Amino acid sequence: MRGKFITFEGGEGSGKSTHASLLAERLKALAIECVLTREPGGSAGAEIIRHIILSGIAKPLGAETETILFAAARDDHVRMTIEPALNAGKWVICDRFIDSTRVYQGALGKVDMKLIRGLERVTVGAAMPDLTFVLDVPANIGLARAKTRRGAAAADRFESEAIEFHEDLRRAFLVLAEREPKRIVVIDGRAPRDVVAERIWAAVNARLLGGLIEVAESVAP
């Protein structure tokens, strides 16, 4: 049986990496094999491209070039990591995927959605997420978290954008979620970590596990 594919989306500092990891641990405790991965990256070739993108080297070349770089990384990631795991019956949990490209390069970068969708058809194919979480936090909170997380290190290509960029980013993710409610679940990322984790687990249980696992009663998304 083919595995399930779950992705986490949202702005900088929204908790994607933390909650992707927590969900993987919880699934593993149920003896469900999981692969925890990320974008850009997640495979040897894609990690090289990740460095190029996040360093900001490609920014002067424009949003379309960055879109193509993301697509190249995604192609390697899907072929080398995601598809083999899904075909082996494992669940894949990914920190960012197609929705980040749709928002960062599409909605904000003004790259033609025909190009983005065309690249998706080539690179993703049947490897579409079964469930996507958008962790929603105000831009100022997310950026403050990101700054604390990186410490003395310099902000990356996207963290260094102005606050207005991140506010637009948040709105764009929420618009995307409104358009695809069957796949995308919005979770308030301002809540305590344990509460957010339980809300995520409740959605996974209801949508992908058939409600077979008992969850706390007070954590409705």
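Here, each number is a calculation from the coordinates, and none is a lab measurement. It should be emphasised that the depicted structure is a prediction, and the values quoted were computed from it without experimental measurement. Here Cβ is always computed from backbone atoms with ideal geometry, including for glycine, and neighbour counts include all displayed protein chains.
Hey, with R₀ at 45 Å, roughly what FRET efficiency would Ala154 and Glu33 work out to, going by the Cβ-Cβ distance, to 0.05?
After rounding to 0.05, the efficiency reads 0.75.
Could you compute the FRET efficiency for Arg121 and Ile57, with r as their C-beta to C-beta distance and R0 at 30 Å, rounded to 0.05?
Once the sixth-power term is evaluated, E becomes 0.65.
Pull up all non-local amide H partners of Arg38: gap of 5 or more, or a different chain, and H-to-H distance under 5 Å with H placed in the peptide plane.
Amide H neighbours of Arg38, under 5 Å, 5+ apart: Asp95.
Which value in nm describes the separation of the simple spin-label points at Leu174 and Val195, placed 7 Å from the Cα toward the beta carbon?
1.8 nm
Given H placed 1.01 Å from N in the peptide plane, which residues other than close sequence neighbours of Thr7 have an amide H under 5 Å from its amide H?
Result for Thr7 returns Cys94, Leu131, Thr132, Phe133.
Please check: in the Gaussian network model of the chain (C-alpha springs, under 10 Å), which one of Pro138, Pro129, Pro181 has the largest mean-square fluctuation.
Checking each option, the largest mean-square fluctuation is seen for Pro181.
Using the structure shown, select from Lys16/Lys182; Lys59/Lys90; Lys110/Lys182; Lys114/Lys147; Lys114/Lys182; Lys28/Lys182 the pairs with a Cα to Cα distance greater than 28 angstrom.
Over 28 Å apart, Cα to Cα: Lys59/Lys90; Lys114/Lys147.
Using amide H atoms built 1.01 Å from N in the peptide plane, name the residues 5+ places from Gly56, or on other chains, whose amide H lies under 5 Å from its own.
The answer is Arg157.
With just the Cα atoms defining each centre, how far is the stretch 1-27 from the stretch 115-141? Give it in Å.
With the stretch 1-27 and the stretch 115-141 each reduced to a Cα centre, they are spaced 13 Å.
For the stretch 5-208, what does the equivalent ellipsoid look like in terms of its semi-axes, each the square root of 5 times an eigenvalue of the Cα gyration tensor, given largest first in whole Å?
24, 21, 16
Under a point spin-label approximation (7 Å from Cα along Cα-to-Cβ), what is the Met80-Arg207 distance to one decimal in nm?
Between Met80 and Arg207, the label points sit 2.9 nm apart.
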